[in-house]
Amino acid sequence: MKIGVIGLGTVGFGVVDILTQQKERLEKLIQEEVVVKYGCALNEVTLPDGIIYTQDFHDVLNDDEVDVVVELIGGTTIAKTIILEALKKGKNVVTANKALIAHDGQEIFEMAMKYQSKIYYEAAVGGGIPVVVPAKEDLVANEIEKIEGILNGTTNFILTLMETDNLDFEEALTIADGLGYVEADASLDLDGKDAAHKICILAMNAFEIFFDFHKIQCTGIRGVTKKDIDYAKKLGYRIKLIAQAKKLENGYGIDVSPTLIGIKDMVANVNQAYNVVEITCNYLENVIFYGKGAGRYVTASAVVSDIMKTHQPTMWQHQYQYVEDIFPITYSKYYIRCDHPLDIDYEMYYSQDHDHIYITNPIELNDLKHQLQNESYNLLKVRG
Ligand code: HSE
């Protein structure tokens with residue numbers, strides 16, 4: 001197996017390191033040489049002996065000896081060209097590019113099928129947690145009904161810090177940024193788009209559908225206040241940024257939103273930068289995948305596992321149906337904070353200082369908003 005790694009940032013170097021350190025063991029496993037032939041990046045870097053450095057990705061794509069192209073440059077432009085060209089040439093591709101798969105998955109998968117090449121992207125969701133392939137292959141007996149999870153480590157870290165260290169959003173964000181957690185485009189994390197990319201990928205595979213990524217409604221954590229975190233805690237909940245996908249009667253419900261989760265629930269206890277994915281399906285019922293969702297070796301672990309998988313036949317093709325019917329999940333319990341009492345149907349009520357807090361019974365969001373017209377309030381989803 002001859003590999004070209006395109007993109008030598010944090011994860012790229014992690015991949016080269018693991019493949020160098022584990023070479024002997026991996027080769028013994030598949031009874032074949034595992035060689036990194038190229039490392040490709042714009043800025044010259046020092047690579048272990050024997051790896052050819054190039055600035056030009058065409059060197060990798062045009063070398064017939066390379067059978068696995070690892071795309072780790074990110075973005076949706078050059079990365080897309082590289083992946084499509086590699087697949088066209090019959091090369092197998094491994095990528096961690098969540099945005100690209102979420103936006104252009106259909107085109108990429110169709111190219112892979114046309115040229116009988118393989119595409120793996122385990123590292124795009126949940127960093128090192130094996131979830132993309134297991135959700136497809138190891139749950140193949142099941143029909144997946146629902147996927148729910150914390151898919152963004154940065155926002156989970158910020159929410160955790162707001163609670164444990166009694167910080168407001170901006171203070172927690174500054175600390176997360178200082179630790180290098182926040183994406184260069186902070187909006188990807190903070191406004192829920194990164195989590196939306198990931199739930200899009202999981203939903204595509206779980207429900208065997210293609211759909212327009214932009215149909216996923218996402219709300220990030222900028223509107224979550226310290227006050228709401230404290231009130232939620234008093235009522236037995238913790239606020240998490242939850243990405244959700246489930247079958248509805250008229251289509252599929254997929255969204256990302258800050259959500260109150262009962263404190264005894266496992267998902268509520270996934271803190272710091274950890275990720276969790278909970279899958280509900282018909283035979284296995286519930287299964288939870290938990291672990292670190294980001295980091296050099298964490299993510300490189302998933303990339304290397306994909307590289308090794310290209311050695312064997314794939315069990316499934318991405319032969320999915322395009323669907324239009326993607327909606328936010330709006331039938332739910334809701335948390336409402338208001339500065340005066342409300343005339344609504346509720347399950348829990350709490351009042352402190354000038355705040356009146358409600359956990360409603362399950363209700364359609366539009367009906368609730370209708371009841372609350374002309375009111376000023378803060379509203380969050382509640383799981384359960
Ligand atoms: N910004 C992402 C996160 C990195 O915080 O989860 C890993 O995809």
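Quick check on this structure: which one of VAL277, VAL287 is in contact (Cβ under 8 Å) with a residue 12 or more places away in the chain, within 16 Å of the ligand (Cβ to nearest atom) and not hydroxyl-bearing (Ser, Thr, Tyr)? Give the steps one after another, and end with the answer.
Details: VAL287 fails: within 16 Å of the ligand (Cβ to nearest atom).
Being in contact (Cβ under 8 Å) with a residue 12 or more places away in the chain, within 16 Å of the ligand (Cβ to nearest atom) and not hydroxyl-bearing (Ser, Thr, Tyr) holds for just one of VAL277, VAL287, which is VAL277.
Scan (1) within 12 Å of the ligand (Cβ to nearest atom); (2) among the hydroxyl-bearing types (Ser, Thr, Tyr); (3) open to solvent by 60 Å² or more (accessible area, probe 1.4 Å) for the single condition THR164 breaks and write down its number.
It fails just one condition, (1).
For a quick check of your reading of the model, give me the residue pairs whose first member lies in region 325-351 and is buried (at least 18 other Cβ atoms within 10 Å of the Cβ), whose second is aromatic (Phe, Trp, Tyr), with beta-carbon atoms closer than 7 Å and at least 6 apart or on different chains.
From residues that are buried (at least 18 other Cβ atoms within 10 Å of the Cβ), the pairs are ILE326/PHE211; ILE326/TYR252; ILE336/TYR358; ILE336/TYR377; ARG337/TYR231; ARG337/TYR377; CYS338/TYR377.
I'd like to verify a number: residues in region 167-186 that are within 11 Å of the ligand (Cβ to nearest atom), under 25 Å from ASP228 (Cα atoms) and open to solvent by less than 70 Å² (accessible area, probe 1.4 Å), how many?
Residues meeting the conditions: 3.
Determine which single condition ALA102 fails, assuming it passes every other condition in (1) touching a Leu at 6+ places or on another chain (Cβ under 6 Å); (2) within 16 Å of the ligand (Cβ to nearest atom).
(1)
Does ILE357 satisfy the criteria of being in contact with a strand residue (DSSP E or B) (Cβ under 9 Å, 6 or more places away or on another chain) and within 28 Å of THR225 (Cβ to Cβ)? Write out each step before concluding.
Details: in contact with a strand residue (DSSP E or B) (Cβ under 9 Å, 6 or more places away or on another chain): yes; within 28 Å of THR225 (Cβ to Cβ): yes.
Spelling it out, ILE357 is indeed in contact with a strand residue (DSSP E or B) (Cβ under 9 Å, 6 or more places away or on another chain) and within 28 Å of THR225 (Cβ to Cβ).
Of all the residues that make up region 255-289, how many are within 22 Å of LEU159 (Cα to Cα) and out of contact with any Ser or Thr (no Cβ under 6 Å at 6 or more places or on another chain)? Break it down stepwise before answering.
Of the residues in region 255-289, the ones within 22 Å of LEU159 (Cα to Cα) are 255-278, 288-289.
Next cut, out of contact with any Ser or Thr (no Cβ under 6 Å at 6 or more places or on another chain) only: 255-256, 258-270, 273-278, 288-289.
So the answer is 23.
Go through region 211-233 and give me each residue that's assigned to a strand (DSSP E or B) and either crowded, with 19+ Cβ neighbours inside 10 Å or within 16 Å of the ligand (Cβ to nearest atom) (or both).
Going residue by residue through region 211-233, those that are assigned to a strand (DSSP E or B) are 217-218.
Hit for region 211-233 is CYS218, nothing else.
Let me confirm something: among ILE199, ILE242, which residue is aliphatic (A, V, I, L, M), surrounded by 15 or more Cβ atoms within 10 Å (Cβ to Cβ), within 16 Å of the ligand (Cβ to nearest atom) and in a helix (DSSP H, G or I)? Quick ask: steps written out before the conclusion?
Numbers: ILE242 fails: in a helix (DSSP H, G or I).
Among ILE199, ILE242, only ILE199 is aliphatic (A, V, I, L, M), surrounded by 15 or more Cβ atoms within 10 Å (Cβ to Cβ), within 16 Å of the ligand (Cβ to nearest atom) and in a helix (DSSP H, G or I).
Kindly indicate whether any position in region 125-147 is at positive phi and either within 16 Å of the ligand (Cβ to nearest atom) or acidic (Asp, Glu) (or both).
Taking region 125-147 and keeping what is at positive phi, we get 126-127.
If we keep only those that are either within 16 Å of the ligand (Cβ to nearest atom) or acidic (Asp, Glu) (or both) as well, we get 126-127.
Yes - at least one qualifying residue is present in region 125-147.
Residues GLY9, GLY39, GLY14: which one is farther than 21 Å from GLU65 by Cα and either of a type in the set (Val, Ile, Thr) or in contact with a helix residue (DSSP H, G or I) (Cβ under 8 Å, 6 or more places away or on another chain) (or both)?
On the way: GLY9 fails: either of a type in the set (Val, Ile, Thr) or in contact with a helix residue (DSSP H, G or I) (Cβ under 8 Å, 6 or more places away or on another chain) (or both); GLY39 fails: farther than 21 Å from GLU65 by Cα.
Being farther than 21 Å from GLU65 by Cα and either of a type in the set (Val, Ile, Thr) or in contact with a helix residue (DSSP H, G or I) (Cβ under 8 Å, 6 or more places away or on another chain) (or both) holds for just one of GLY9, GLY39, GLY14, which is GLY14.
Where residues in region 290-302 are open to solvent by 20 Å² or more (accessible area, probe 1.4 Å) and within 11 Å of the ligand (Cβ to nearest atom), which of them is farthest from PHE207 (Cα to Cα)?
Our first condition is that a residue be open to solvent by 20 Å² or more (accessible area, probe 1.4 Å); within region 290-302, this holds for 290, 292, 294-298, 301.
Now narrow it down to the ones that are within 11 Å of the ligand (Cβ to nearest atom): 292, 294-295, 298.
Numbers: LYS292: 25, ALA294: 26, GLY295: 29, VAL298: 27 Å.
The residue in question is GLY295.
The values are calculated or read from the model by the stated rules, or taken from the named source; none is laboratory data. These numbers were taken from a predicted model, which means no experiment stands behind them. Here Cβ is always computed from backbone atoms with ideal geometry, including for glycine, and neighbour counts include all displayed protein chains. We work out accessible area using only protein heavy atoms, side chains counted, and drop any ligands, DNA or RNA first. Shrake-Rupley method; radii C 1.70, N 1.55, O 1.52, S 1.80 Å.
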